[in-house]
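Asker: Provided herewith is a single structure, encoded as C-alpha cells, for subsequent inquiry.
Coordinate-derived values only; no laboratory data. Since the model is a prediction, treat every value here as computed from it, not as a measurement. Cβ sites come from the backbone with ideal geometry, for glycine too, and all protein chains shown count toward neighbours.
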Amino acid sequence: MAKEPALSNRRQSLVLHPAAAGLAICWARVSFLLAGVGGQGTILASDVLAAVGLHAGYDVKKSEVHGMAQRGGSVTTSVVWADTVYSPLIGPGEADFFLALEKLEALRYAEMVRPGGVVLVNDYRIVPLSVSSGSDQYPDDKRIRAVLSAVTPHYYLFPANALAEELGNVRANNVVLLGALSHWLPDVPLPTWLEAIRERVPAKFVQLNEQAFLVGREEMEKLRSVLSGAKGCTPVREVLPSVGQGGRNRSPERGHVMMGQRTTSPAAAGRKVSPSFRRGSTEP
C-alpha cells in the first residue's frame, strides 16, 4: 500500500465509501460536480456543499456555469475540498462525486467522472426543447445505465423527486440528493450538514430541507448491505496539484468562491459520451 500523504492542517484525509463492498478509499482532495436544469436548485446544493466543507475545516473553492436564463438551461457547478485548493475547476475524468439533478444532465456530463467515481442521479426527466420539438428522442433508462456503467460501476438512479414530493415540496429534491451523498462522507458529522443547510436555506424552508436531507440519507442507508465490510484506506490520488497549477484562479483565501468556466481537453474529445440534446438558445 502506498504511503498516505500528510496534510498540513489539523484535518485528516476523508474516509469515503464507494459503492463496492470491501473497499474504503481516502482522498485528501475531494472534487464534486453537480449538474441540473435551471430552477432545480443546483447552485443552492453546491452552496450547501461548500459550507459543509468549510465547517469541516477544509479550504473550499466553487465554480459554476449556466446560461443567461435562470430556468430551463443546463447548469453545472463544481466544488473542491482540500487542505489548499488552487483551482475549483474539474477536468474530464476528474470528478470524484457527480450529483445529477436530472437524467439527461447525467449523460451530458458523464465524461467528467473519474473511473470508479460515485454518481447519484435524480430519477427524473425534464424534456429539452430538442425533444419537445420532435428532433430528438429522450434516452431511456437502459441507455443511461449503459453510459454510466461505462464510466463507473458506482452509480444510482435515486428517487430524489419522489421522496421530496412525499414531503410536500418537490423542489427539495436537491437536498434529498445531498442527504444521499452524505452517506459517502462518514467523517463529516450529521450536525455539520444540518448547520450548513440552516445557513444557506431561507429560514421558512429550513425544516423542510432538514427533513429532505434526512430522508435522502436514510434512503441511502438502505443500501448499506452493498457498502458493508469496508476496511482500511487506500490512497488513490495526490494531496495537491503543483504550486503553479490553476494560474490566475489560485487564491490564498480559505473558502473563497472562485468563478470559472467549463473546459474540455483534446484527450477527452475522443471518448465523449454525453448526448447532443439542447435545452434552448441559452445553453452554453
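Asker: Quick one: compute the contact order of segment 18-226, relative version, from alpha carbon pairs under 8 angstrom and 6+ residues apart, as a percent.
Answerer: 21
Asker: Ranked by Cβ crowding within 10 angstrom, fewest neighbours first, how are ILE144, ILE43 ordered?
Answerer: ILE43, ILE144
Asker: Still on this structure, I have one more. Once both labels are modelled 7 Å past Cα along the beta-carbon direction, what's the ARG145-LYS204 spacing in nm?
Answerer: 4.2
Asker: Let me ask another. Can you give the local net charge around TYR138? Use residues other than it whose beta-carbon is closer than 10 angstrom to its beta-carbon, Lys and Arg +1, Asp and Glu -1.
Answerer: Counting the neighbours of TYR138, the net charge comes to +1.
Asker: If the cut-off is a Cα-Cα distance under 20 Å, which aspartates and glutamates reach LYS204, setting aside same-chain residues fewer than 8 apart in sequence?
Answerer: Within the straight-line limit of under 20 Å, LYS204 reaches these aspartates and glutamates: ASP47, GLU165, GLU166, GLU195.
Asker: Can you work out ³J(HN,Hα) from phi for every residue in segment 47-58, in order, using Karplus 6.51 cos²θ - 1.76 cosθ + 1.60 and θ = phi - 60°, giving whole Hz and x for Gly and Pro?
Answerer: Coupling constants for segment 47-58: 5, 5, 5, 5, 5, 4, x, 5, 5, 7, x, 9 Hz.
Asker: GLU221 label point, 7 Å along Cα→Cβ, cut-off 13 Å on backbone N: hits in segment 46-60?
Answerer: none
Asker: Follow-up. Gap in Å between the Cα centre of segment 36-53 and the Cα centre of segment 167-184?
Answerer: Segment 167-184 and segment 36-53 have Cα centres separated by 11 Å.
Asker: Can you give the convex hull volume of the alpha carbon atoms of segment 174-218 per residue, in Å³?
Answerer: Taking the convex hull of the Cα positions in segment 174-218, it is 57 Å³ per residue.
Asker: Got a sec? How would LEU194, LEU178 order by Cβ neighbour count within 10 Å, fewest to most?
Answerer: LEU194, LEU178
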